[in-house]
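Have a look at the structure below before the remarks.
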Amino acid sequence: MEETFKFPNGGYDVKIVRKEEILRCIENNIKDKDVALEIIKHCEIDATNFLLEGRWASIPFIGNIRIPKTRILANSEEHKTLVTDAREILEPTKYVLFRKKLASEIDAKVREERLLNYRTSQAVKKNFKFFSNCNKNRGEHYAKFLLSTFYEMECVSNSNQFNNDYYNNVDDE
């Protein structure tokens, strides 16, 4: 039996259908069932391969899925060895606290990286001509670094007070 799930705050109604119901619908409506089942298997295999490669997987009429960046970083070899070493060394209560702190650090790192990428994309969008010229001459990483640096710069003072103080001090020496 198909269920309807309503998202809060005026969201969409989503119909949840089980695999058995899909197979029953295929048996009732499609004459060549083997082809339909092969299409479903192929979609499952493609989605699995995309996820294993770390790419977005699109499922028709459902949406996109991906493995969260925090999970990818938490499952890296570096973090696994760190956690196993901590399990051997620390007491159980300290080990739990260590795991929580490690997870929050990974989450903060991912958020910071996303913010940096967003700001860099905004700088590239505003100065695309300059970016393309730097990209052609120096490379993409250099151009992105330069634009993100320019984007983060702030003018300290708009007055000539700094310049006057500097030149007055130079003359005194």
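Bear in mind these aren't lab numbers, they're just calculated from the coordinates by the rules spelled out. All figures in this text were calculated on a predicted structure; none of them were measured in a lab. Ideal geometry is used to build each Cβ from the backbone, glycine not excepted, and the neighbour counts take in all protein chains shown.
Ranking of 7, 98 by neighbouring Cβ atoms within 10 Å, starting from the fewest: 7, 98. Listed values for the stretch 47-55 are Karplus-derived 3J(HN,Hα) couplings in whole Hz (6.51 cos²θ - 1.76 cosθ + 1.60, θ = phi - 60°), namely 4, 5, 5, 4, 5, 5, 7, x, 9, and x replaces Gly and Pro. Could you name the aspartates and glutamates in cross-link range of residue 69, using Cα to Cα under 14 Å and dropping any fewer than eight places away on the same chain? Excluding near neighbours in sequence, the set is 53, 105, 107, 112, 113. By the count of neighbouring beta-carbon atoms within 10 Å, fewest first, 16, 26 end up ordered 16, 26. Its alpha carbons considered, the stretch 44-161 gives a radius of gyration followed by a Dmax of 20.9, 67 Å. By the beta-carbon count within 10 Å of each Cβ, the least crowded to most crowded order of 95, 118, fewest first, is 118, 95.
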